[in-house]
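Read the structure below first, then the notes.
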Amino acid sequence: MKPPEKLREDEKLRPLIEEHGELELEASENPFERMVTSIVNQQLSTQSAEAIRSRLFDNFEISPEALLDADKEELADVGLSRQKIDYIRSAARHFIEDDLSVEKFSNMSDEEVIDELTDIHGVGDWTAKMFMISVLAREDVFPVEDLGIRRAMEEVYGLESRGEMREKAEDWRPYRGLASRYLWRAVD
């Protein structure tokens with residue numbers, strides 16, 4: 001899909017679009033895996049998160065049932081903190097008990113999705129927004145809580161406050177999620 005004209009009209013976003021070509025938001029086939037990935041990524045550098053995620057995915061089946069049954073010491077051995085083990089297990093319970101499938105969220109507003117997901121211990125707005133972009137492929141989500149987004153907004157637009165960043169992102173509505181993909185590329 002060709003990037004929307006609204007994004008190509010942005011003088012600072014256009015070079016990123018030209019450099020990186022067509023990017024799309026694709027719904028994930030495994031929402032639980034994406035949730036676990038987001039939890040692992042919380043407040044870690046990209047390299048640290050990748051190393052832990054790789055060890056976790058290499059050594060464990062990534063399903064709610066398997067991670068609830070997994071030995072906590074073995075989970076800690078791959079680099080997960082006790083807190084993140086608790087968060088992942090809380091997410092696993094919610095996925096089992098509340099059927100957190102793509103279909104469940106399909107008729108919910110963004111606010112309703114955030115409310116549902118932030119009921120999970122350890123899931124805040126950032127994780128919920130990452131879920132909406134990477135699992136639900138929602139096009140109009142702007143994750144200003146994300147460090148990569150903020151760095152890109154500083155680098156590309158010279159903006160420093162989250163308020164200024166949100167205001168700028170309004171120009172991209174209803175494609176803020178897609179614009180975010182290009183911004184991430186600016187700092188990758």
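Selection within the stretch 75-115: residues that are closer than 17 Å to residue 143 by Cα and among the charged types (D, E, K, R). The member of this set that is surrounded by the most Cβ atoms within 10 Å (Cβ to Cβ) is 110. Picking from residues in the stretch 40-49 that are in a helix (DSSP H, G or I) and within 14 Å of the chain's Cα centre (by Cα), the one that is surrounded by the most Cβ atoms within 10 Å (Cβ to Cβ) is 40.
Suppose the filter is out of contact with any Lys or Arg (no Cβ under 7 Å at 6 or more places or on another chain), without any contact (Cβ under 8 Å) to a residue 40 or more places away in the chain and under 15 Å from residue 109 (Cα atoms); does residue 168 pass it? Criteria not met by residue 168. When the helices (runs of 4 or more DSSP H) confined to the stretch 95-177 are screened for residues that are in the same structural domain as residue 44 (by TED's automatic domain parsing), those reaching at least 2 such residues are found at 102-105, 110-117, 125-134.
Scanning the stretch 94-112 for residues being free of Cβ contacts under 8 Å to residues at least 24 places away in the same chain and of a type in the set (A, V, I, L, M, F, W, C) gives a total of 1.
The values are calculated or read from the model by the stated rules, or taken from the named source; none is laboratory data. As the structure is a computational prediction, the values presented were derived from the model and not from experiment. All Cβ positions, glycine included, derive from the backbone under ideal geometry; neighbour counts span all protein chains shown.
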